[in-house]
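Worksheet for the structure shown next.
Please treat every number below as a calculation from the coordinates, not as lab data. Computed from a prediction, not measured in an experiment: that's the story for all the values here. Cβ: placed from backbone, ideal geometry, glycine included. Neighbour counts: every protein chain shown.
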Amino acid sequence: MLGSLKLRQLHLLVALDDHRKLQLAADRLNMSQSAASKMLAEIEAVAGASLFERSARGLEPTTHGRILIRGGRVVLAELDQTARELANYKTGEVGVVSIGTVAALFAHLINDVIDYLGTKLDRIEIALHVGISPNLVQRLTALELDFAVARIPSGVDPRQFDYFEIGEEEARLLVRIEHPLAGDKITAFEDMSERQWVMQSRGSFMRQSVERMFRSRDVAAPQRVIDTDSFFAALAIAARTDAIVPVPMHIFDLIDRSRFTMLDFGGRLTLESYGLLQLRDRPLSPAATIVFDAMNRCRVSSSAAVSGN
């Protein structure tokens with residue numbers, strides 16, 4: 001079905017999904033509303049089904065529409081990537097590589113990759129996108145990233161990825177030096193539960209690990225929580241308040257120990273294993289292949305560094 005559609009028709013489907021108004025979608029494609037309406041009718045004739053329904057909020061995709069829109073986005077994203085690669089080769093550049101990563105990558109893996117590739121990086125621009133695994137995997141499947149260092153969330157089919165494990169990650173509970181609990185030899189879970197926390201959003205592996213740790217001690221999980229996926233924002237809050245911030249061990253190693261310390265609660269806070277993820281059926285660009293292969297080679301040493309903490 002996608003092979004029977006023209007690129008402009010795919011652009012119209014995506015524009016309708018983005019704007020949910022026929023006139024706005026037509027404006028985006030610099031065409032009249034009547035021409036857009038006619039084109040939509042042609043697409044629905046090819047599909048043999050209605051693709052949108054009218055609602056109070058505008059045009060809502062039907063189940064058939066969502067399937068076709070998702071496929072159209074994939075096709076257009078692949079063509080955009082190909083166009084960028086051609087443009088880069090014309091200008092003498094190998095290309096841009098977009099990598100999604102959980103925070104732990106910074107400490108060991110990316111440094112190993114830079115050392116390993118050396119001058120090969122002179123013609124490659126690496127764009128690092130730091131986030132939590134669910135968001136990274138969503139962006140990977142949407143073709144916004146070439147590959148990712150992340151965990152596969154529950155509910156996501158792992159068969160669509162090539163997965164190369166790096167290892168599990170350990171976290172620490174960080175507070176400022178002046179925090180009321182900083183002087184405790186062993187911090188009680190009951191005391192921590194009542195405090196202000198700054199954590200990644202619900203659904204993140206860090207948040208789930210913290211809540212699971214409290215449940216294992218039969219203590220209510222923290223309720224006073226500020227959500228942020230930025231460790232820099234979390235540190236800025238912790239520096240001026242009595243908030244508790246769970247951070248990966250690799251992040252804690254980079255923190256000024258004269259300003260922050262960690263709470264000893266008599267146990268360990270570990271996160272599920274993470275690894276190098278690539279979409280199985282999507283070929284990488286030449287530049288992405290170079291960086292991916294380097295990361296795959298370096299992940300063994302990074303895994304050893306993670307397990308050694």
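Total lysine pairs in the chain at Cα distances under 30 Å, for residues eight or more apart or on different chains: 5.
In this structure the amide hydrogen of Thr187, modeled in the peptide plane, comes within under 5 Å of the amide hydrogens of Asp264, Phe265, Gly266, none closer than 5 places in sequence on its chain. Using all pairs of distinct alpha-carbon atoms, the Kirkwood hydrodynamic radius of the chain works out to 22.4 angstrom. Membrane-span-like helices in the chain, defined here as complete DSSP H runs extending at least 30 Å along the helix axis by their C-alpha atoms with mean Kyte-Doolittle hydropathy no lower than 0.0, are 286-307; this is a sequence and geometry rule, not a statement about a membrane. Given +1 at the Cβ of Lys and Arg, -1 at the Cβ of Asp and Glu and no other charges, the dipole of the chain around its Cα centre is 700 debye to the nearest 20. Rounded to the nearest Å, what's the spacing between the alpha carbon centres of segment 1-48 and segment 161-180? Just the number, please. One Cα centre to the other: 46 Å.
Annotation: amide H of Thr62 within the under-5 Å range of Phe52, Glu53, sequence separation 5 or more or interchain, hydrogens built in the peptide plane.
State, as an integer percentage, the relative contact order of segment 169-270 based on alpha-carbon contacts under 8 Å between residues 6 or more apart. Relative contact order here is 51 percent.
Rounded to the nearest 5, the antiparallel percentage of DSSP beta bridges internal to segment 169-270 is 70%. Top mean-square fluctuation among Val96, Val149, Val219, Gaussian network model of the chain, C-alpha springs under 10 Å? The residue that fluctuates most here is Val219. Amide H contacts of Glu169: Leu271, each under 5 Å away and 5 or more positions distant or on a separate chain (H built 1.01 Å from N in the peptide plane; Pro and chain starts excluded). Peptide packing for 241-249, 22-30 was compared via the average number of neighbouring C-beta atoms within 10 Å per residue; ordered from the highest value, the list is 241-249, 22-30. Per-residue ellipticity at 222 nm computed for the chain from its helices equals -13500 deg cm²/dmol, with DSSP H segments shorter than 4 residues left out and the rest contributing -39,500 (n - 2.57). Net charge dipole, segment 106-235: roughly 320 debye, given to the nearest 20, about the Cα centre with Cβ charges of +1 for Lys and Arg and -1 for Asp and Glu. The peptide list 57-64, 7-14, 271-278, put in order of mean Cβ contacts within 10 Å with the highest first, becomes 271-278, 7-14, 57-64. Counting only DSSP beta bridges with both residues in the chain, the antiparallel share comes to about 60 percent.
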